[in-house]
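Q: Please read through the structure below; I'll follow up with questions.
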Amino acid sequence: MTAAIDVQQVEKMYRGKIHALRGVDMRVERGEVFGLLGPNGAGKSTLVKILMTVISPTKCQGTMLGKPIGHKATLANVGYLPEHHRFPEYLTGAQIVDYFGALAGTPRAERKRRIGEMLDLVGMGRWADTKIKQYSKGMRQRVGIAQAMINDPDLILMDEPTDGVDPVGRKDIRDVVRTIRDRGKTVLINSHLLSELEMVCDRVAIMVQGEVRQQGSLDDLTEPHRRYEVSFVGDDQSAAALLAGMEGVSVEAGIASIPTEDPNRIQPVIDCLRASQIVVKGVRAYRPSLEQLFLDAVGEDSGPGAGPNKHSRMHMEARP
Amino acid sequence: MILMQTGAIFLDAYRELNAKKLFWITMVLSALVVLVCAMLGINKQGITFLWFELPFPVNSDMISPKLFYLTVFTSFGLGLWLTWIATILALVSTAGMFPDLIASGSIETVLSKPMSRTRLFLTKYLTGLVFMGMQLVVFCSGFFLLLGIRGETWQPGLFLAVPIVLAFFSFLFSVQVLLGLVTKSTIASLLLTLLFWLGLFGLNAADAILVSVRAASEIRLEDAQESLDNQIAIAERTVDRMRGKGEPIPGEADEPLPEGAANTLEAVNERIPRRAESLQEAQDAIPKRRVWSDRIFIAKTLLPKTGETIALLERNLISDEELDALMGDTTDTPEQFLGTMNDPRAQRRAQDIIRKRSITWVLGTSLAFEAIVLGICLMLFARRDF
């Protein structure tokens with residue numbers, strides 16, 4: 001089966017001046033929740049809008065649900081929740097879902113059946129017949145998700161779905177996303193809220209300045225950064241001297257870092273420290289969060305010291 | 001799917017207009033206008049409003065009830081209500097249609113549906129026209145009944161007002177849509193459209209004046225020619241009479257011509273040189289006036305002809321003979337008005353010139369203008385990144 005989204009070399013130049021996308025390669029597999037991350041101006045929304053034919057690309061190769069990007073008929077099988085959406089104020093929640101369902105080509109009978117179902121799914125069933133002008137931002141966001149799902153799409157693109165939603169609502173939206181995935185659908189989420197994405201995404205892509213810097217599952221992306229950390233009481237220089245012969249071990253701020261996932265490899269470090277009467281306070285398996293991966297990717301672009309990059313902090317390598 | 005999407009857009013447009021209330025306000029006002037017109041009447045004493053006599057020097061001996069109500073329809077219902085007030089209300093109601101559609105946050109959801117931008121644009125454009133069309137159908141139905149019941153004439157031709165006024169509205173609406181797409185502002189597009197309309201109104205007024213001036217010049221030329229011909233005929237009869245009596249004829253045989261006379265006829269009728277001079281002046285004036293009249297005509301050809309489009313209905317409903325009856329007798333024109341714009345003959349001729357402009361020119365070139373404007377709109381809408 002083809003990928004849900006498989007694009008290569010997507011470029012967008014605005015008015016011949018602003019290079020918003022500089023050759024984006026991205027692949028979203030069917031049935032997964034895919035997170036698109038990046039700082040403001042990275043080109044995430046531009047990429048999503050290109051996929052949804054809202055913006056025309058300067059250059060684009062690839063497919064969405066097996067059809068070339070820009071193929072209008074394919075959009076009948078795609079749902080979209082835009083960022084900062086503005087639905088007509090004179091419509092009720094049910095009317096909005098019905099209207100966009102009709103535009104998506106969903107037959108009337110099916111719409112009638114699914115409107116209630118979708119609004120219930122996002123927790124808006126009680127307010128189905130209330131005009132949207134009376135909704136809070138979170139409620140509008142929920143209705144937006146319902147309209148994106150009314151046509152029972154195979155692929156749903158959500159641009160900042162938890163924007164303006166309270167913590168309880170965010171959890172509800174995460175649950176909805178999981179439900180959608182459990183039904184075999186593909187979800188692409190574009191968000192700044194990294195902790196939210198971390199909880200639901202199977203794979204992520206990190207975009208910086210119009211390019212995808214990293215892409216893969218959270219396991220794949222964190223794998224090079226996983227390590228054990230042994231904290232101790234004592235000065236770093238003495239500890240570094242003791243551990244100098246051990247490959248890859250570094251010492252910084254009372255912590256000896258061992259780049260491994262194998263607990264057997266940390267035993268010699270503990271033994272060595274204890275043999276020198278250094279008190280071991282604790283041992284923990286460290287796996288970087290999505291936020292740290294993101295900050296790394298962004299920080300690389302900004303240069304050392306420009307951003308909150310762990311590599312830019314003072315780092316003392318253990319030397320032999 | 002096409003029908004479903006089109007239906008959804010029309011339903012949404014209806015809901016939008018319904019929410020704005022202006023749709024129903026205009027509809028109620030249209031019904032009120034018909035009701036007020038129904039209260040007008042004409043009898044042998046004059047014009048009445050309910051049971052009051054109005055001081056107008058017109059009665060049913062001069063014009064029939066049919067012509068009276070047709071005139072009320074064309075001058076008040078059509079000329080004032082539909083082409084001014086209802087049109088302005090319709091422009092106000094529809095001004096936000098495209099700026100709202102392309103507003104950030106709105107357009108993304110619509111464009112992400114399986115529907116081409118061209119079809120989306122044209123469907124949305126049609127919804128604006130349907131708004132006006134519904135108002136027109138209601139108004140014309142009311143007046144149709146009014147004419148049938150009060151004017152005792154059933155005029156299905158009155159329903160021609162629907163396509164004609166719709167065409168007139170569409171010329172302005174297309175400009176409003178273009179301005180809405182360019183400025184993205186409801187207020188700016190509305191105000192600039194009204195300004196454009198004012199420009200067209202000015203152009204129409206200038207055209208009407210220049211056509212009247214040109215008609216007056218032609219009449220003056222014809223009058224001068226006729227007057228000269230009369231004086232020459234008088235002179236010829238005088239010469240014949242003198243010849244019959246055997247009197248000496250100036251300029252013949254050895255008889256000298258009096259000073260200032262160029263020939264025998266001028267010698268016997270000293271008015272001939274003055275009339276010839278008047279004729280020359282009238283001939284000289286025509287090319288100058290024709291230049292400006294032609295320039296205005298070219299400008300009008302390129303732009304939508306709002307005035308003439310509406311006049312098409314009057315042409316259809318009121319015959320030339322009925323128009324003559326409405327304009328009154330033109331034979332007893334005061335002398336000071338002869339050959340001027342106020343000369344009823346000039347007014348009638350100007351009316352004839354405007355009425356005789358072909359439907360192809362009136363509608364064809366106006367629709368061509370609209371097509372070009374819509375083409376630009378489509379190009380902007382289809383190619384823009386939102």
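Q: Kindly establish whether B:Ile234 is among the β-branched types (Val, Ile, Thr), modelled with pLDDT of 90 or more and assigned by TED's automatic domain parsing to the domain that holds B:Gly96. Lay out the reasoning, then the answer.
A: On the way: among the β-branched types (Val, Ile, Thr): yes; modelled with pLDDT of 90 or more: yes; assigned by TED's automatic domain parsing to the domain that holds B:Gly96: no.
Taking the combined requirement at face value, the residue does not satisfy it.
Q: I need the full set of residues from the range B:272-311 which are more than 30 Å from B:Leu221 (Cα to Cα), in a helix (DSSP H, G or I) and not β-branched (Val, Ile, Thr), in order please.
A: Once the filter is applied, which keeps residues that are more than 30 Å from B:Leu221 (Cα to Cα), in a helix (DSSP H, G or I) and not β-branched (Val, Ile, Thr), the range B:272-311 yields only B:Leu302.
Q: Restricting attention to the range B:1-44, which residues are more than 10 Å from chain A (Cβ to nearest Cβ), in contact with a Ser or Thr (Cβ under 9 Å, 6 or more places away or on another chain), more than 30 Å from A:Asn77 (Cα to Cα) and not aliphatic (A, V, I, L, M)?
A: B:Phe23, B:Thr26, B:Gly41, B:Asn43, B:Lys44
Q: Give the residue that is nearest to the chain's Cα centre (by Cα), with candidates limited to residues of the range A:232-268 that are surrounded by fewer than 14 Cβ atoms within 10 Å (Cβ to Cβ) and hydrophobic (A, V, I, L, M, F, W, C).
A: Residue satisfying both the conditions and the ranking: A:Ala253.
Q: Oh, and also: If you take the residues in the range A:66-110 that are of a type in the set (Gly, Ala, Ser) and more than 7 Å from chain B (Cβ to nearest Cβ), which one is surrounded by the fewest Cβ atoms within 10 Å (Cβ to Cβ)?
A: A:Ala109
Q: Another one. Could you go through the range B:109-122 and let me know if any residue there is assigned to a helix (DSSP H, G or I) and modelled with pLDDT under 90.
A: Taking every residue of the range B:109-122 in turn, none turns out to be assigned to a helix (DSSP H, G or I) and modelled with pLDDT under 90.
Q: Also, quick follow-up: Looking at (1) surrounded by fewer than 20 Cβ atoms within 10 Å (Cβ to Cβ); (2) aliphatic (A, V, I, L, M); (3) more than 14 Å from chain B (Cβ to nearest Cβ), which is the only condition A:Leu36 fails?
A: Among (1) surrounded by fewer than 20 Cβ atoms within 10 Å (Cβ to Cβ); (2) aliphatic (A, V, I, L, M); (3) more than 14 Å from chain B (Cβ to nearest Cβ), A:Leu36 violates only (1).
Q: Counting residues that are in contact with a helix residue (DSSP H, G or I) (Cβ under 9 Å, 6 or more places away or on another chain) and in the same structural domain as B:Ile149 (by TED's automatic domain parsing), which strands (runs of 3 or more DSSP E) fully inside the range B:10-75 reach at least 3?
A: Strands (runs of 3 or more DSSP E) meeting the threshold: B:40-42, B:47-49.
Q: Going residue by residue through the range A:224-239, is there one that turns out to be modelled with pLDDT under 85 and within 30 Å of A:Val10 (Cα to Cα)?
A: Yes, there is a match, as at least one residue in the range A:224-239 is modelled with pLDDT under 85 and within 30 Å of A:Val10 (Cα to Cα).
Q: A further question on this structure: I need the full set of residues from the range A:39-68 which are in contact (Cβ under 8 Å) with a residue 60 or more places away in the chain and over 22 Å from the mean Cα position of the chain (by Cα), in order please.
A: A:Gly66 - this is the single residue of the range A:39-68 that is in contact (Cβ under 8 Å) with a residue 60 or more places away in the chain and over 22 Å from the mean Cα position of the chain (by Cα).
Q: Within the bounds of the range B:245-258, is there any residue that is assigned to a helix (DSSP H, G or I) and in contact (Cβ under 8 Å) with a residue 24 or more places away in the chain?
A: Within the range B:245-258 (the criterion being assigned to a helix (DSSP H, G or I) and in contact (Cβ under 8 Å) with a residue 24 or more places away in the chain), the answer is no, since none of the residues qualifies.
Q: Among the listed residues B:Leu82, B:Leu91, B:Leu126, identify the single one that is surrounded by fewer than 18 Cβ atoms within 10 Å (Cβ to Cβ) and away from every other protein chain (no Cβ under 14 Å).
A: After ruling out the rest, the residue left standing is B:Leu126.
Q: Also, I was wondering about something else. Does the range B:173-191 include one or more residues that are of a type in the set (A, V, I, L, M), assigned by TED's automatic domain parsing to the domain that holds B:Ala86, under 30 Å from B:Gly79 (Cα atoms) and without any contact (Cβ under 8 Å) to a residue 12 or more places away in the chain?
A: Yes; the residues of the range B:173-191 include at least one that is of a type in the set (A, V, I, L, M), assigned by TED's automatic domain parsing to the domain that holds B:Ala86, under 30 Å from B:Gly79 (Cα atoms) and without any contact (Cβ under 8 Å) to a residue 12 or more places away in the chain.
Q: For the range B:233-241, check the following and say yes or no: at least one residue is more than 27 Å from B:Gly79 (Cβ to Cβ) and either in contact (Cβ under 8 Å) with a residue 40 or more places away in the chain or among the acidic types (Asp, Glu) (or both).
A: Going residue by residue through the range B:233-241, those that are more than 27 Å from B:Gly79 (Cβ to Cβ) are B:233-241.
Okay, now just the ones that are also either in contact (Cβ under 8 Å) with a residue 40 or more places away in the chain or among the acidic types (Asp, Glu) (or both), so B:236, B:240.
The answer is yes, given that some residue of the range B:233-241 is more than 27 Å from B:Gly79 (Cβ to Cβ) and either in contact (Cβ under 8 Å) with a residue 40 or more places away in the chain or among the acidic types (Asp, Glu) (or both).
Q: So, in the range A:44-63, how many residues would count as being more than 9 Å from every other protein chain (Cβ to nearest Cβ), closer than 14 Å to B:Phe386 by Cα and among the small types (Gly, Ala, Ser)?
A: Looking only at that region, the number is 1.
Here's the yes/no breakdown for (1) at positive phi; (2) aliphatic (A, V, I, L, M); (3) at pLDDT below 90:
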{"residue": "B:Gly46", "(1), (2), (3)": "yes, no, yes"}
{"residue": "B:Glu53", "(1), (2), (3)": "no, no, yes"}
{"residue": "B:Met62", "(1), (2), (3)": "no, yes, yes"}
{"residue": "B:Leu70", "(1), (2), (3)": "no, yes, yes"}
{"residue": "B:Ser75", "(1), (2), (3)": "no, no, yes"}
{"residue": "B:Ala90", "(1), (2), (3)": "no, yes, no"}
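The values are calculated or read from the model by the stated rules, or taken from the named source; none is laboratory data. Computed from a predicted model, the values in this text were never measured in an experiment. Note that each Cβ is placed from the backbone with ideal geometry, even for glycine, and that neighbours are counted across all protein chains shown.
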